[in-house]
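Below you'll find the structure, written out as structure tokens, and then a few comments.
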Amino acid sequence: MPSETPTTIKLEDYQPPAYRIETANLNVLLDPTATLVIAELKVVRQPDTKPGAPLILDGDNLKLLSIAVDGAPLQSNAYDVTPSALELTPPTGDTFTLTITTELNPDANTQLMGLYRSSGTYCTQCEADGFRRITYFPDRPDVLSVYTVRLEAPRDACPVLLSNGNLIKTGLVPDTDRHFAIWHDPHPKPAYLFALVAGDLAKITDNFTTASGNPVELNIFVEHGKEALCDWAMDSLKRSMRWDEEAFGREYDLDVFNIVAVSDFNMGAMENKGLNIFNDKYVLADPETATDQDYANIEAVIAHEYFHNWTGNRITCRDWFQLCLKEGLTVFRDQEFSADMRSRPVKRIADVKLLKMHQFPEDAGPLAHPVRPRSYQEINNFYTATIYEKGAEVVRMLQTLLGEDGFRSGLDLYFDRHDGEATTIEAFLKCFEDATGSDLDQFALWYEQAGTPLVSVNTAHNPKDNSFKLTLSQEIPPLPGQQSAKAAVIPLRFGLLGPDGQDLEITTGDSTKVTGDVILLKRPAQTITFQNVPDAPKVSLLRGFSAPVRLTQDQSADDLAFLAKHDSDPYNRWQAVQTLATQTLLARTEAVRRKVAFASAADLVAVLQTVLEDDRLDPALKAQALTLPSETDTAQDIGNNVDPDAIHTARTRLIAEIADELQPLLLPLARDYAKDSAFSPDAASAGKRALSNRALHYHAHSSNPGAVALVNDRFENANNMTDRIMALTLLVHHGFEGAMDALQAFRSRHATSALAMDKWFAARATAPRDETLQVVQDLIADPLYEPSNPNRVRAVLHSFATGNPTQFSRADGKGFNLIAESVLQIDKRNPQVASRLLTSFRSWRALEGRRSSLAESALLRVSSSEELSRDCRDIVDRTLQ
Ligand code: PHE
Ligand code: ZN
């Protein structure tokens, strides 16, 4: 496949479709290498389309067997086929029927887009533009059709036949070994939500009754033998369905809701109407193979896909520029769900950490783009942290600005007004304006501008008149293609703390700038004067991380210690600890580079001690507070001329120092894990494990000679995966005595669970050790590694490229070369997985000179390949720009 010439698709070029497809009747005769798809499409010419105007259908890699219009076969001179389209001159009437037969080879489909097989099971993935790999069709989200799908396959090989909607008929095909099923989905939907599954699968079944009393059958389909791993997913599904009724008044709308878990899947999961298809990583769990994080992820992803039924399916996107319309909103909804199921502050902290870890670097580098991009070359490269996570933050700000009731009334109006439509961000915002009477013009900039705003803070207290002035300013640093940005509206939740640590009563007399506990920063700079403030207060800004911005504020260690102890906002208590830790890490990284002595970490140690001793804090929060900013976070804070080795050295030594200083508090926590008590995945139990494992992590860095034995002991006696993989990771990363035996023991125990082995792969690939480069090469050759499985690729190569900064960015360039080579290999088979891996280079310019030029050479090597996919071409061009 030679490189395609990239074409740029622009938002401003949007045109409504010339023809719509009212109904799509598909007859799919399944076969591993020669599946037939007979599509009968009722085509409707749109009022603005001239009779006889050309009809252009999308296609990709299709073998066209026949085409007929109103039953009359077309001769091959009556239409035009190119690699990406089928064009014909249709009849001049308002409607006509097109019958198209295509032949597909599911076994040859290594891209995992369109119809493919995963461990023998037929399945589909159509978002964003995979339906065109099944049949010729206007494959765009604003063409909504009612689908009826007949599936036919051998009974033995494929006892299970599934598609969207409700099952209306099954039967045997006379005189054959085949059977069929007919599914009908009454809800018009875009092609990207089409799905089918066929295979020999086991299922677990449950049911749900909607608030209106409609019974719904719930099924989760998995490979035989994995039924026992589905209980948590089913439980999460039922809780999601109930929660969406209670929190947003949204009920389910079909007789059945099916989930299928497959092992080969490019992304996390897919919200196909009534037939969600999941990466099995987000379905399967038991204490033996899943960590607490896995349980939380499954709960969140099950909820996310279910919530799409309203935000994505009932109301979908007009075009792919509006992707955040469904993704940002649905992430917001799943975050709220998890917050209600678990601890709200802990969930908020976890979400913000993720945002800062993945989205902030994206937004500060060459791949930065607005939450609603204006152009793209390959839409599959826009399923990004910016669209998803920043998109969710934008929705959260809307809630902060309008208040919970205002937000809810806007959302109700949105569901009401746009149900059944493919719509836009403008239409979404209009609902909130109409419902609340507010003006969201300036707010809309959050969708238009890339980059993370930087908010600077200055304060002045005047004891003469008891006033306190807070001056705030904002700027978005320049980015490629965006030299200057306009001031955004930034809601800053805040509090002023008096000397006793209590929040002061706020009096400003200026309600345009402050409403309740929210400051509205709307201009490049603005000053707020507070009255009745006798003592200089401590300022707690950006409570709950009320806006996706970076804050620069002069805060002394004393101020931060004070906030860490007293702030009434748990998020900001955590943030105060983090800020202090960041200051310490930055100073020490600089000391490592300049080869000078470290400043004392006494302030940080004292704060961590207060946290550990605070009985009001729940263990999960303590675990979060004790986790220092990551090496990637620190690199991000340094910004340029980054030396990953210096960061690693500084951070590791800081952890060791804290471990020694706080040993009396940490050691009992590390030891105290209830190995005999039964495992439960609930948030409170998970929090206790998290704290104990965090303590064990410190202990492993300490100078205590008993550390090695304790970590080995934890590994051997763990009764759940969270504890076992933590101990294994520590053994491997520290090169402790016993590491090799533990690796072997883990492998023997889990060799038949690919998902468990992924953790083993990741533990090895992330070891910050010189030999890891060779280890990763060995892992790729391991018989348990499957180069065609995206989860394996992520476990080994992604983990290395994104979770091992010192080794990926080795000073000899070998880490970069390994990933560049891998990208080229994988690209031949699966461009989406390859281009995702390639994004790990996105911060290359921030590295110190030698490393950044080595990274550039590796990128240039990728770029010079003549057979690059459009996916990788797009990423490499933008990364090098
Ligand atoms: N729409 C899916 C989700 O967020 C993600 C996805 C995108 C899956 C593209 C597959 C392909 O839930
Ligand atoms: Zn989604």
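Here are a few things to note about the model shown:
- Strands (runs of 3 or more DSSP E) within segment 86-149 that include 2 or more residues touching a Gly at 6+ places or on another chain (Cβ under 9 Å) and surrounded by fewer than 20 Cβ atoms within 10 Å (Cβ to Cβ): 95-104
- Segment 434-487, residues that are free of Cβ contacts under 8 Å to residues at least 60 places away in the same chain, under 30 Å from Leu504 (Cβ atoms) and within 25 Å of the chain's Cα centre (by Cα): Phe443
- Search result, residues across segment 67-85 that are outside any helix (DSSP H, G or I) and loosely packed, with under 12 Cβ neighbours inside 10 Å: Gly71, Ala72, Pro73, Gln75, Thr82, Pro83
- Qualifying residue in segment 186-205 (condition: of a type in the set (D, E, K, R) and more than 24 Å from Tyr116 (Cα to Cα)): no
- Inter-residue pairs, beta-carbon under 7 Å, first farther than 10 Å from Ile387 by Cβ and in segment 316-329, second within 11 Å of ligand 1 (Cβ to nearest atom) and charged (D, E, K, R), 6+ apart: Thr316/Lys326; Cys317/Lys326
- If the condition is being more than 11 Å from ligand 1 (Cβ to nearest atom), crowded, with 23+ Cβ neighbours inside 10 Å and among the charged types (D, E, K, R), then segment 312-334 contributes only Arg333.
- Restricting attention to segment 298-311, the residues being within 11 Å of ligand 1 (Cβ to nearest atom) and of a type in the set (D, E, K, R) number 1.
- Qualifying residue in segment 46-53 (condition: at pLDDT 95 or above and assigned to a strand (DSSP E or B)): no
Okay, residues lined up against (1) touching a His at 6+ places or on another chain (Cβ under 8 Å); (2) of a type in the set (Lys, Arg); (3) free of Cβ contacts under 8 Å to residues at least 12 places away in the same chain:
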site: Pro524; (1), (2), (3): no, no, no
site: Thr529; (1), (2), (3): no, no, no
site: Ala564; (1), (2), (3): no, no, no
site: Arg588; (1), (2), (3): no, yes, no
site: Arg594; (1), (2), (3): no, yes, yes
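- Members of segment 225-274 that are within 16 Å of ligand 1 (Cβ to nearest atom) and over 30 Å from Ala754 (Cα atoms): Asp244
- Unique match (being touching a Leu at 6+ places or on another chain (Cβ under 8 Å) and outside the structural domain of Val793 (by TED's automatic domain parsing)) among Val256, Val262, Val301: Val256
- Within the set Ala488, Ala547, the sole residue that is within 29 Å of Gln449 (Cβ to Cβ), touching a Leu at 6+ places or on another chain (Cβ under 6 Å) and in a loop (DSSP other than H, G, I, E, B) turns out to be Ala488.
- Test for Val301: is it surrounded by fewer than 23 Cβ atoms within 10 Å (Cβ to Cβ) and within 16 Å of ligand 2 (Cβ to nearest atom): yes
- Top-ranked residue in segment 585-613 [being touching a Leu at 6+ places or on another chain (Cβ under 9 Å) and outside any helix (DSSP H, G or I); ranked as modelled with the highest pLDDT]: Ala601
- Residues that are within 24 Å of Glu12 (Cα to Cα), modelled with pLDDT of 95 or more and of a type outside the set (Lys, Arg) occur in segment 329-336; there is at least one.
- Within segment 275-289, if we keep just the residues that are assigned to a loop (DSSP other than H, G, I, E, B) and of a type outside the set (D, E, K, R), the residue that is nearest to ligand 1 (Cβ to nearest atom) turns out to be Val283.
- Among the residues listed as Ala385, Ala422, the single one being within 27 Å of Pro629 (Cβ to Cβ), modelled with pLDDT of 95 or more and among the small types (Gly, Ala, Ser): Ala385
- Lys273 falls short on exactly one of the conditions (1) closer than 20 Å to Gly165 by Cβ; (2) charged (D, E, K, R); (3) within 11 Å of ligand 2 (Cβ to nearest atom), and that condition is (3).
- When Gln377 is tested against (1) closer than 30 Å to Leu880 by Cβ; (2) within 16 Å of ligand 1 (Cβ to nearest atom); (3) in contact (Cβ under 8 Å) with a residue 60 or more places away in the chain; (4) surrounded by fewer than 23 Cβ atoms within 10 Å (Cβ to Cβ), exactly one condition is not met: (2).
- Complete set of residues in segment 328-376 that are under 16 Å from Arg842 (Cα atoms), touching a Leu at 6+ places or on another chain (Cβ under 9 Å) and aliphatic (A, V, I, L, M): Ala364, Ala368
- Verdict on Phe360 being within 16 Å of ligand 2 (Cβ to nearest atom) and aromatic (Phe, Trp, Tyr): no
- Residues that are in contact with a Leu (Cβ under 8 Å, 6 or more places away or on another chain) and part of a helix (DSSP H, G or I) within segment 402-429 comprise Phe407, Gly410, Ile425, Phe428, Leu429, listed in sequence order.
- Residues satisfying the stated conditions in segment 799-813, i.e. over 24 Å from Arg749 (Cβ atoms) and under 19 Å from the mean Cα position of the chain (by Cα): Ala801, Thr802
- Scanning segment 814-829 for residues that are over 24 Å from the mean Cα position of the chain (by Cα) and either surrounded by fewer than 17 Cβ atoms within 10 Å (Cβ to Cβ) or aliphatic (A, V, I, L, M) (or both) returns Lys814, Leu818, Glu821, Leu824, Gln825, Lys828.
- Subset of segment 634-678 (residues that are crowded, with 20+ Cβ neighbours inside 10 Å and among the basic types (Lys, Arg)): Arg651
- When the test is whether a residue is farther than 22 Å from Ser630 by Cβ, surrounded by 20 or more Cβ atoms within 10 Å (Cβ to Cβ) and not assigned by TED's automatic domain parsing to the domain that holds Met113, Gln832 passes it.
- Checking each residue in segment 480-508 for being among the basic types (Lys, Arg) and closer than 16 Å to Tyr571 by Cα picks out only Arg493.
- Residues located in segment 519-566, provided they are of a type in the set (D, E, K, R) and closer than 24 Å to Lys356 by Cα: Lys522, Arg543, Arg550, Asp554, Asp559, Lys565
The values are calculated or read from the model by the stated rules, or taken from the named source; none is laboratory data. All figures in this text were calculated on a predicted structure; none of them were measured in a lab. Cβ sites come from the backbone with ideal geometry, for glycine too, and all protein chains shown count toward neighbours.
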